[in-house]
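The values are calculated or read from the model by the stated rules, or taken from the named source; none is laboratory data. Just so we're clear, the structure is a prediction, and the values are computed from it rather than from any experiment. Side chains included, ligands, DNA and RNA excluded: accessible areas come from the protein's heavy atoms. Shrake-Rupley method; radii C 1.70, N 1.55, O 1.52, S 1.80 Å.
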Amino acid sequence: MDFGAVGAAAPLPASVMQSVRLVNPLGNWRSWEMLIGEVDIQHRLSLRAAIDEEIRKSPECEQEIRIGYERSKAAWDDFWTNIFEAETEAALAA
């Protein structure tokens, strides 16, 4: 199982940054920094360590753990996609 990218911070695409400006036009970045900054990186590293430990303890469950992680990640990604799309639509309609 490869969770190598879980703890990696990647640059955000311009489209995401535009959406962030629409969501947060006044520039209060505290919450956003928590989502993409050091707090988030540490959370990802802790999550990765917990998943790796669970796989070490229960290697027969690796496939189920992977599927659960992928479903959870997809739900999280869908959540943020919906937020960005709704804000973009609202901004364009204004």
**Request:** Determine ³J(HN,Hα), in whole Hz, for all residues of segment 82-93 in sequence, where each value follows from phi through the Karplus function 6.51 cos²θ - 1.76 cosθ + 1.60 and θ = phi - 60°; x replaces Gly and Pro.
**Result:** 4, 4, 5, 5, 5, 5, 5, 4, 5, 5, 5, 6
**Complete:** On the accessible surface of segment 48-87, probed at 1.4 Å with all protein chains in place, carbon and sulfur together account for a percent value of 54 percent
